[in-house]
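Before any comments, here is the structure.
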Amino acid sequence: MSNLNSKNHLLTADMKQDFEQIFELSEHCLWCIDSEGYFINITETIATLSGFSLPEIISRRFVDFLAEKERPAFLNLLEKQQKIVNYPITFLHRDIDWVTFKISALPLFNDNKFAGYYGIALNITEYKQAEEKYIQAENNLAAAQRLSHVGSWELDLLTEELYWSDETYRMLGFEPGEIKPNHKEIFKVIHPDDFEMVMRKVEGARENKGYDVQHRIVQPNGKIGILHERAEVIFDRRGNAVKMMGTAQNITELKEAEQKIVQLQNYDFLTDLPNRNMFVKQTDHLLSIAKQNKKNCALFCIGLDRFKLVNESMGHDAGNDLLKAVATRLSQYSGEGEIIARLGGDEFALIKQDISHEDIAALLAQKIINHFALPFVVYDQEIVISLSIGMTLCPIDDRSSDDLLKDAQTAMHRAKATGGNTYQFYSWEMTDKVKDRLSLEGDLRRALEKEEFMLYYQPKVSTKTGKISGAEALIRWQHPEKGLIPPDKFVSVLEDTGLIVPVGEWSLKEICKQYNVWDDMGFGDLSLALNLSVKQFVDDELCNKVERTLKEIAHNSDFLELEVTESLLMGDLQTATKTLHSLHALGLRLSIDDFGTGYSSLAYLKLMPVDTLKIDRSFVIGLPDDHQDCAIAEVIIMLAKALNLKIVAEGVETQPQLDFLVEKECDYIQGYYYSRPLPSDEFTRLLQKDREN
């Protein structure tokens, strides 16, 4: 993917590391060249757009991929070692000759020595093609105006005799000579909405010595076109008007090209909603009106929760179909004079007028959230996707629409951080929280390298023997300054940044090493459970990575139990089943965590090689007093027994809870009633004491 160890550039180790991480995580078109103009890193997106593979681009000069005529100017630009902003280039493509990018870049320096450039490229090929089409159509118009026999006509003002050229016949929707030229037919094809405007121009022609007008026509077949007409009045020596002559040009394609450019600049190509650019412009206008009328508006930023799971499990086409359906549903909440827009990715924005108080905005946000509890149907599969909404009331002082939108986005990200399916109002304190989040991300990236993560183990106890039969491995973070950090403070950040994959691989290696230690001590009958994240589960290399780790490190594989959540399995049932069968074939066990909290059908249990069901703690906490919790727990236990599966109850904290579960013949319990999660040395002592008794 990169060549950051090249001898020809001056990037520092920290710069290399930062770039490697940015390029690995980014979906944008990023690139980096050294001081001599050689590519040392690019994102996969550039390779995809150009048709070349990464190895074919890396270590070649940027200029080698440019059109010949553009190379001198580009080399001169690089020699200046200055910031590059929105510079258009024509980039070589393997199959279709060229693609067009607009690039921006910053120069890199190391000890005041020029080290290269780091930049971003925006694909403007489609925009450029529309622009070229527009220019071509405009050139055609100029040529037609120079050639009087193309769409020409003449009117003798003395005899009322009218002449049309063949092209004029065609533009009006007739074959040449099909009818006799007459004013009546011309008036019939003029679009009704343009008729009065055209007649004013024609009636004023003698006084103005001609006219110039653009108008629509409706041909006899119903097709609508746009004409550009120019006419001159000819006068005799005595000043009497004797003739009118003119040309007509069909500019329908020109206008369509103009409209396409406007569409590309202001509207989202997928949903046809206004884009961020259009949203900001229209919101500025609405805020101006609100200030004049001394009324408030509310700006909503709306993000889809766990949308990446849909893309990863069902594919991008399904994700796009879901986004279009979401856009349609959200559009129901945009009233007259208001605007709903797609900002990009899975984020949308809405501006509502006459929102006098936060309570009204909150009620609307909750109404939208409740509406999204109804499933979408994509590829014949029902999908329920929740929302996180950030809001801010406006206008506020002199803050611009762009500033207010950023505020609402900050609040939306805060709503996501609390678990999603909720809303948050913006407050100034949120800015500090965003900064803290960015700081946390930076610390997490360093934590894996500095070996700050550790595994704690919570015992799993048999209800029949009262002895420890296994444990669940739970990650903890020993921060050098903040001390021990629990998983609920950082695991979601690992998921969002993609760091959960390397951390998950580290966890698997650690649990294998720890099992070997306990096996050597005579505790080889223990089963150790490890959670799989969404990103790990959809990794095509998951099974190979697990198999390789077990072979290289573990004494055997039958000690390992991998846990997956019920909702994770239901993203793509067919793929999930295939993955579970592949994992099961390695000799390890599989369990479904948080069972009963998903929205799936129980029929999938027959298809998957599952060994264990874990009753979610939300159904255990009310035992034995809550009748609903009792009924749900009992049904899950009965279901597991019927399918010959083991059953584990999580979150057991009291004797009455334990008594109920023992009575219902639950196989294992896990929770603070027996022990909190422990570091490996403390768990070892607990295990030794358990076996001695």
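Please state which one of D540, D488 is open to solvent by 50 Å² or more (accessible area, probe 1.4 Å) and closer than 25 Å to A447 by Cβ. Even if it seems obvious, please write down each step before you answer.
Details: D540 fails: closer than 25 Å to A447 by Cβ.
Only one candidate passes the filter, namely D488.
Can you tell me which residue within the stretch 456-484, out of those that are open to solvent by 20 Å² or more (accessible area, probe 1.4 Å) and among the hydrophobic types (A, V, I, L, M, F, W, C), is farthest from K689 (Cα to Cα)?
If we take residues in the stretch 456-484 being open to solvent by 20 Å² or more (accessible area, probe 1.4 Å) and among the hydrophobic types (A, V, I, L, M, F, W, C), then L484 is farthest from K689 (Cα to Cα).
I need the full set of residues from the stretch 675-685 which are surrounded by fewer than 17 Cβ atoms within 10 Å (Cβ to Cβ) and more than 16 Å from Y515 (Cβ to Cβ), in order please. Don't jump to the end; show me each part of the working.
Taking the stretch 675-685 and keeping what is surrounded by fewer than 17 Cβ atoms within 10 Å (Cβ to Cβ), we get 676, 679, 681-682, 685.
Once the filter is applied, which keeps residues that are surrounded by fewer than 17 Cβ atoms within 10 Å (Cβ to Cβ) and more than 16 Å from Y515 (Cβ to Cβ), the stretch 675-685 yields R676, E682, R685.
Scan the stretch 469-501 residue by residue and report those that are free of Cβ contacts under 8 Å to residues at least 12 places away in the same chain, under 26 Å from Y515 (Cβ atoms) and assigned to a loop (DSSP other than H, G, I, E, B).
P486
Residue under question is V213, and the condition is that it be under 19 Å from M245 (Cβ atoms) and assigned to a helix (DSSP H, G or I); does it hold? Please lay out each step first, then the result.
Working: under 19 Å from M245 (Cβ atoms): yes; assigned to a helix (DSSP H, G or I): no.
So V213 does not fit the description; no.
Which one is farthest from L322 (Cα to Cα), of the residues in the stretch 356-368 that are aliphatic (A, V, I, L, M) and open to solvent by 10 Å² or more (accessible area, probe 1.4 Å)? Before you say what the answer is, go through the steps one by one.
If we filter the stretch 356-368 for residues that are aliphatic (A, V, I, L, M), which is where we start, we get 360-365, 368.
Remaining after also requiring open to solvent by 10 Å² or more (accessible area, probe 1.4 Å): 360, 362-364.
Details: I360: 28, A362: 25, L363: 25, L364: 22 Å.
Once the filter is applied, the top-ranked residue is I360.
Condition check ((1) more than 20 Å from H357 (Cβ to Cβ); (2) part of a helix (DSSP H, G or I); (3) at pLDDT 85 or above; (4) open to solvent by less than 60 Å² (accessible area, probe 1.4 Å)) across all residues:
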{"position": "M278", "(1), (2), (3), (4)": "yes, yes, yes, yes"}
{"position": "Q282", "(1), (2), (3), (4)": "yes, yes, yes, no"}
{"position": "A298", "(1), (2), (3), (4)": "no, no, yes, yes"}
{"position": "S313", "(1), (2), (3), (4)": "yes, yes, no, yes"}
{"position": "G319", "(1), (2), (3), (4)": "yes, yes, yes, yes"}
{"position": "L322", "(1), (2), (3), (4)": "yes, yes, yes, yes"}
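Within the stretch 65-84, can you find the residues that are open to solvent by 20 Å² or more (accessible area, probe 1.4 Å), part of a helix (DSSP H, G or I) and touching a residue at least 24 places away in the same chain (Cβ under 8 Å)?
Residues of the stretch 65-84 that are open to solvent by 20 Å² or more (accessible area, probe 1.4 Å), as a first pass: 68-73, 75-83.
Okay, now just the ones that are also part of a helix (DSSP H, G or I), so 68-73, 75-79.
Listed by number, the residues that qualify are L75, L78.
Check the stretch 121-132 and report whether any residue there is at pLDDT 85 or above, within 30 Å of T252 (Cα to Cα) and open to solvent by less than 80 Å² (accessible area, probe 1.4 Å).
Yes; the residues of the stretch 121-132 include at least one that is at pLDDT 85 or above, within 30 Å of T252 (Cα to Cα) and open to solvent by less than 80 Å² (accessible area, probe 1.4 Å).
With respect to Y87, determine if the residue is open to solvent by less than 70 Å² (accessible area, probe 1.4 Å), modelled with pLDDT of 90 or more and closer than 30 Å to I33 by Cβ.
Details: open to solvent by less than 70 Å² (accessible area, probe 1.4 Å): yes; modelled with pLDDT of 90 or more: yes; closer than 30 Å to I33 by Cβ: yes.
Judged against the criteria, Y87 is a match.
The values are calculated or read from the model by the stated rules, or taken from the named source; none is laboratory data. On a predicted model such as this, the values are computed, not experimentally measured, just so you know. Glycine gets a Cβ as well: all are built from the backbone with ideal geometry, and neighbour counts include every protein chain shown. Side chains included, ligands, DNA and RNA excluded: accessible areas come from the protein's heavy atoms. Shrake-Rupley method; radii C 1.70, N 1.55, O 1.52, S 1.80 Å.
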